[in-house]
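The structure appears below as structure tokens.
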């Protein structure tokens, strides 16, 4: 029998998810499945835990991640080509939505146990010759500012305990609709160049969803080796609200005020200091030059 190395972030999502996690452990115990739990104590520790696991795990062992998309993303940075499984217990769970992974924990556990393994495309993005991976999307502008402000918010943990984690995103979204300033950006592909001086939201995405199930680009496909780029310029408040409504209701696909590209690789240059987010994890506010492509990773899904 193989052995499960289970990396758990109990702080992901809300308090209800702690009950779900206990259900998983009870199920494994009832099945007499051998496993060990590695619980994170601080942000980013999952990366160090994963690095230690792959040094001593047997070939037939499996790694299972229980947490949010950011937890899984951090583990991927550390495991190289080692496959991982995933049970989503985060606030947004966009990756699970993007691959139609069950959000019910026992159903997701069963899928992990029965999986023969599969390869999925992930975003590879390079900054200053250092490469990173993203499961969902990498954003600059509005969505990155929302992530940064939400992660800094003292109310986030309180709302998570009340099962209202997404409310903190919504509150900050409406505040930043007034505060977020336009920024200049250059986008370059093999056969295309675009310079925009008044960008407001710029997201490179691997599948349709961001922000907890918002369909940013409905036909984005994680099984394709191409990535989708969505850019919205800074307009007046009423027009921005209209465009956001189009996105939420899946009517954005042919609207001329929403710029969309589909490509296998691109370079983006952010000329002013801006926040950057990748899978809900924020990076410092500064100028960025980023190269994007895709690569395949093995999963037990």
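The values are calculated or read from the model by the stated rules, or taken from the named source; none is laboratory data. Not measured: the values here are computed from a predicted model. Because the Cβ atoms are built from the backbone with ideal geometry, glycine has one as well, and the counts that use them run over all protein chains shown.
Numbers for the structure displayed
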read-out: Candidate set from the stretch 22-36 (those that are more than 26 Å from the chain's Cα centre (by Cα) and in a helix (DSSP H, G or I)); member that is surrounded by the most Cβ atoms within 10 Å (Cβ to Cβ); value: 28
read-out: Subset of the stretch 256-266 [surrounded by 15 or more Cβ atoms within 10 Å (Cβ to Cβ) and not in a loop (DSSP other than H, G, I, E, B)]; value: 258, 259, 260, 261, 263, 266
read-out: Test result for residue 64, closer than 20 Å to residue 151 by Cβ and not assigned by TED's automatic domain parsing to the domain that holds residue 213; value: no
read-out: Matching residues, the stretch 54-78, being in a helix (DSSP H, G or I) and crowded, with 21+ Cβ neighbours inside 10 Å; value: 69, 70, 71, 72, 73, 74, 75, 76
read-out: Residue match in the stretch 158-181 (condition: assigned to a loop (DSSP other than H, G, I, E, B), more than 25 Å from residue 43 (Cα to Cα), assigned by TED's automatic domain parsing to the domain that holds residue 285 and modelled with pLDDT of 90 or more); value: yes
read-out: Unmet requirement for residue 103, which otherwise passes all of (1) without any contact (Cβ under 8 Å) to a residue 60 or more places away in the chain; (2) more than 20 Å from residue 209 (Cα to Cα); value: (2)
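Yes/no matrix, rows are residues, columns are (1) touching a residue at least 12 places away in the same chain (Cβ under 8 Å); (2) surrounded by fewer than 18 Cβ atoms within 10 Å (Cβ to Cβ); (3) closer than 22 Å to residue 67 by Cβ; (4) touching a helix residue (DSSP H, G or I) at 6+ places or on another chain (Cβ under 8 Å):
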| site | (1), (2), (3), (4) |
| --- | --- |
| 112 | yes, no, yes, no |
| 115 | yes, yes, yes, no |
| 118 | yes, yes, yes, no |
| 123 | yes, no, yes, no |
| 129 | no, yes, no, no |
| 145 | yes, no, no, yes |
| 151 | yes, yes, yes, no |
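The rows are residues; the columns are (1) under 25 Å from residue 68 (Cα atoms); (2) in contact with a helix residue (DSSP H, G or I) (Cβ under 8 Å, 6 or more places away or on another chain).
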site: 226; (1), (2): yes, no
site: 231; (1), (2): no, no
site: 236; (1), (2): no, no
site: 254; (1), (2): no, no
site: 262; (1), (2): no, no
site: 266; (1), (2): no, no
site: 278; (1), (2): yes, yes
site: 286; (1), (2): no, no
site: 298; (1), (2): yes, no
